[in-house]
Amino acid sequence: MSELKLHIDSAYWMTPGCGCILLSDNWNFEALPTFKLNDPALEILRLRRMPPSDLAYFTAYERIEEAIQFVIDPNRHPHIDFNKDPVSVVGAFNNWGDCSNRSDFELISEAPHSNQALFTKTISAEQLNIHTESIEFKFVTRSGHWINPLSSAPNLKKDVRGNLNYYLDPNCNGKHAFLFNLDGHRGLDRPISVSLNQEAYTPILPGLSFYDLKTDLPLGATIESDQSTTFRLFAPRASKVYVEIQATLDQSPIRHSMHLMYDQLTWEVNIQNDLSGFYYNFFVEGHNDSISTLFDGNVPILDPYAKATLGPNGPGIIINQQLAQPVENPFHPHHWHDLSILECHIKDLTAKISSVDNSNSDAESSNDRKAPTNGTFAAISQYLHSKDNYLLTLGVNAIELLPIQQFDSPNKETYHWGYMTNNYFSPCAWYTDTQDTTNPNQSFKQMVEDFHHYEKSVILDVVYNHVGEPPHLARIDKAYYFYLTESGDFENWSGCGNTIRSESAMSKRLIIDSLIHLVQTYDVDGFRFDLAELIGIEVLKEIEKALKAVKPSIILIAEPWSFRGEIKADLRHAGFMFWNDEFREFAHEYVLGKSHIDSLAYFIKGSTNYLAAWPSQSINYIASHDDRTWIDKITENPDYQGQDPTQNDIKRTHMAAALTFFSLGTPMITQGLDFLKSKCGENDTYLRDDLNALDFSAIDRHRNTHNYFQNWIQFRQSPWGDCLRLEDIPSSHYIRIFRSEYTEHSSAVILINAEQSKGGKQILLMINPHQEHSHIPLGQSLADDWKAIASIDQFNFSGIETSFNFRNQDQVTLPPMSLLLCVRPAWNG
């Protein structure tokens, strides 16, 4: 091909001073091409061909004569056992794996006894049916798990369904790729373009191995053993970095220049004073291009590693971590299969409490405490020690708190759910009462300790898929920390304006370091990952490994979707529970009589037929903080006005409670569900404290429903609940489901521990969501020692009176909108 027809397809910075240039086609000349930079002060040195095998590490393939070798690095996919679950390359050439000879396309290790070896598969060009058009391909495991392409690959393409695939150019044989170095310059810190013909210049952008750049040095503000203070910031493309410190806010800050370290990526300055309690901000200068940077040296940046902050804009507060000793006797949370979870919000819990009764004798010196401000960590602590408080009397053993890391609400008074995080290490300043800069987070630590005092596990909702305003990480390095469009806009798969590039090495480190900090410093018991699909199964697996090394009993929960896709099935490969939105939608349809008996059977068994790898992996819930409340969603009243529920609304709520706590899986309810909390039909209330705040006087108005939930929670944790709290998938005979003779009915009689593998205890649930009677044949008579303890409107462990005749019957006729819970042998607790 003539040199004149060739052009630069793309150019990337890979490391400081080193880049890669990809041409549109092969360079078949012996002499190397002549590239020119748009900056005459810079000169390209050591221009050389890029080894095709090095490029294949990113493109996932290499042309070898008349064949293609496909390549994948197993270390980038720690959730997959490549030996036990072999990986195939698939595309149109093998009907995307739907073929009889799928095993012929499986990759094998280049060195079976090494954990660093690549997996490869060489296939002839003829077998791939390669002519002159590019083909798309991807990798998939034998079990059906699709492996996401590397986001920094230069050969990505979306198919008609929006799936991201690799594409293979049959014309390129690797002779189109070149590496170069600069003459003593980093290159990364300035906008540079390169040209082949000195007419069309192509910008050199971050790419390929750029996102693997990292440092292992301590970051943020560190008090050293000699009582000096070291500041460090990873800013690979900055041209200058400063830190400003001040002892008090009314003093003028003192600015210090930071110097670029030997790695050419990290900036550092050491100040010969212990600056504990001081305030500080970073300032980052750099040369902006039109796509990948957002530098502004006049904008203060809150340190991503700040352990405390005054708010979303900073400044950070310097904490001496040497004095922040890890918890001496860490709390051991309940086993996952034993959990019953309450989701709640810090401000909502105490917003309408005018005074707190401290008469509980377990609260040491609680009467001596200064009355805290409602909606703070300290207010939760005091409320926990009060008499008959909701968090204790409801009976759950795990509390899942909406985000408590610093978020972008502008002040203490402004209400927010917290899903716009600005700093991942610091508990939110708006939830603290203290002005003590030496220990500003003590009230959060105390709150966690108080929950543990009452045997409650603490789970934090964390948001590592996007950031709030201002986006401090973007001011440090926009392209490194965020997914961008070709034009440089933030990808918005989160629906919140941006999406963190979680697979970048320092993004992963930031996530893992901050999670470990929350566990070691505050003894947090677990995390629920918001929009975890955007974090990715690969990073989630690394998070799991790191956290279990610190706290083996850690609770890990994923919200397995985003606006980009979902990963529920993929989570079978990771040690995470997941929010099961399919259960939520099923429960809504079921209580309205619109579901199917097969759906009931599937969810009663914990979704283990398809989604869940073990029963407790499925978090079964019927409502959460998002969207309308349960009662608003299912009410018979018009316009979702559930604040005055009908009797049918209440019956359906009770039936949904039974489904939640009777199904295998992990039950979760959201705050106020047990006393029919309504938001007056409003769907999106993340800024509405007036609608979200809990009014505990409603418990008295809906006492029967509140007690009904309490009793189901107690039942779940009882000896009979052992039959439902399973670690492993039971045998196919463990649950027997008897169906209605009316095929359009989803009513059923469900027998748990049918084959008595869990001992003599058995549970029976009869349920009918329909407006008419439902006749169910049993095949054999029920024993006469069954004891009824709950119906659609009452729950009593001593037994309930019922006119429903079911004992010694080989068939039952269930009344309309009814349920009956029975146990054998009789309840003694």
Report task. Only residues of region 220-240 count here: report those whose backbone N is under 12 Å from the spot 7 Å along Cα→Cβ of Ala247, or say none. Result -> none
Query - Charge dipole of the chain about the Cα centre (unit charges at C-beta), most positive-ward option of Val539, Gly497, Pro815 - result: Pro815
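Relative contact order, percent, of region 655-717 when contacts are C-alpha pairs under 8 Å separated by at least 6 residues?
Worked out over region 655-717, it gives 43 percent.
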Report summary line: The answer for region 55-129, accessible area per residue at 1.4 Å probe in Å², is 50 Å²
Requested in this report: Could you compute the FRET efficiency for Gln794 and Thr743, with r as their C-beta to C-beta distance and R0 at 22 Å, rounded to 0.05?
Outcome: 0.10
**Report entry** Charge sum, other residues only, whose C-beta stays under 9 Å from Arg824's C-beta, Lys/Arg counted +1 and Asp/Glu -1
**Finding:** +1
Query raised in the report: Of the accessible area of the chain, with the probe set at 1.4 angstrom, what percent is carbon plus sulfur?
Result: 46 percent
Query raised in the report: Gly760: net charge of surrounding residues, Cβ under 14 Å, Lys/Arg +1, Asp/Glu -1, itself excluded?
Result: +1
Requested in this report: Using Cα positions and a limit of under 24 Å, work out the lysines in reach of Lys121, with same-chain residues fewer than 8 apart set aside.
Outcome: Lys84, Lys138, Lys157, Lys158, Lys175
Query - C-alpha center-to-center spacing [region 71-138, region 165-191] in angstrom - result: 25 Å
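On a full-extension model of 0.36 nm per residue, what is the gain between His773 and Lys84, subtracting their alpha-carbon distance, rounded to one decimal in nm?
242.9 nm
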Report summary line: Extend 7 Å from the Cα of Ser103 along its Cα-to-C-beta direction; within region 139-153, residues with backbone N under 19 Å of that point are 140-145
Report summary line: Both in Å, the radius of gyration and Dmax of the C-alpha trace of region 290-350 are 19.3, 53
Query raised in the report: At what distance in angstrom do the alpha carbon centres of region 240-309 and region 363-439 lie from each other?
Result: 30 Å
Report task. Could you work out the per residue convex hull volume over the alpha carbons of region 538-624, in cubic angstrom? Result -> 107 Å³
Report summary line: With Cα coordinates, the longest principal axis of the chain makes an angle with the long axis of helix 581-591, in degrees rounded to 10, of 30 degrees
Query raised in the report: Given the Cα-Cα distance of Ala371 and Asp785 and 0.36 nm per residue of separation, how much length would full extension add, in nm?
Result: 143.7 nm
Query raised in the report: Among Gln246, Pro304, Leu659, which residue has its Cα positioned farthest towards the positive end of the charge dipole of the chain, with +1 placed on the Cβ of Lys and Arg, -1 on the Cβ of Asp and Glu, and the dipole taken about the Cα centre?
Result: Leu659
Report task. With label points built 7 Å along Cα→Cβ from the Cα atoms of His453 and Arg255, find their separation and express it in nm. Result -> 4.8 nm
Report task. Treating the Cα atoms of region 380-505 as identical point scatterers in vacuum, please give the log10 of the normalised Debye intensity I(q)/I(0) at q = 0.09 Å⁻¹, two decimals. Result -> -0.34
Query raised in the report: So how tilted is helix 703-716 from the main axis of the chain? Cα-based, degrees 0 to 90, rounded to 10.
Result: 70 degrees
Requested in this report: Please determine, in degrees from 0 to 90 and to the nearest 10, the orientation of helix 442-453 with respect to the longest principal axis defined by the Cα atoms of the chain, where the helix direction is its Cα long axis.
Outcome: 40 degrees
Report task. Order these peptides, 228-240, 270-282, by their mean beta-carbon neighbour count within 10 angstrom, highest first. Result -> 228-240, 270-282
Report summary line: Between Asn411 and Gln227, Cβ-based FRET efficiency (R0 41 Å, step 0.05) works out to 0.75
Query raised in the report: Taking 0.36 nm per intervening residue step and subtracting the Cα-Cα distance, what contour gain separates Gln442 from His7 on full extension?
Result: 150.6 nm
Report summary line: Rounded to the nearest whole number, the Stokes-Einstein translational diffusion coefficient of the chain at 25 °C and 0.890 mPa s (Kirkwood radius, C-alpha pairs) in µm²/s is 83 µm²/s
Report summary line: Here the net charge surrounding Phe178, from other residues whose Cβ is less than 11 Å away from its Cβ (Lys, Arg +1; Asp, Glu -1), is +4
Report summary line: log10 I(q)/I(0) for region 218-374, Debye formula on C-alpha points only (no solvent), q = 0.10, 0.14, 0.15, 0.18 Å⁻¹, two decimals, reads -0.59, -0.89, -0.94, -1.09
Report task. Counting only DSSP beta bridges with both residues in the chain, tell me the antiparallel percent, nearest 5. Result -> 80 percent
**Report entry** Point-to-point label distance, Asp159-Val550, nm (Cα→Cβ direction, 7 Å offset)
**Finding:** 3.9 nm
Query raised in the report: Taking the Cα-to-Cβ direction at Tyr262 and at Glu585 and moving 7 Å from each Cα, how far apart do the two end points lie in nm?
Result: 5.6 nm
Query raised in the report: Can you work out the FRET efficiency for the pair Asp626 and Phe29, with r the C-beta to C-beta distance and R0 = 51 Å, to the nearest 0.05?
Result: 0.30
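The values are calculated or read from the model by the stated rules, or taken from the named source; none is laboratory data. In this text, all values refer to a predicted model and were calculated from it rather than measured experimentally. Because the Cβ atoms are built from the backbone with ideal geometry, glycine has one as well, and the counts that use them run over all protein chains shown. Ligands, DNA and RNA are excluded from the accessible area calculation, which covers all protein heavy atoms including side chains. Shrake-Rupley method; radii C 1.70, N 1.55, O 1.52, S 1.80 Å.
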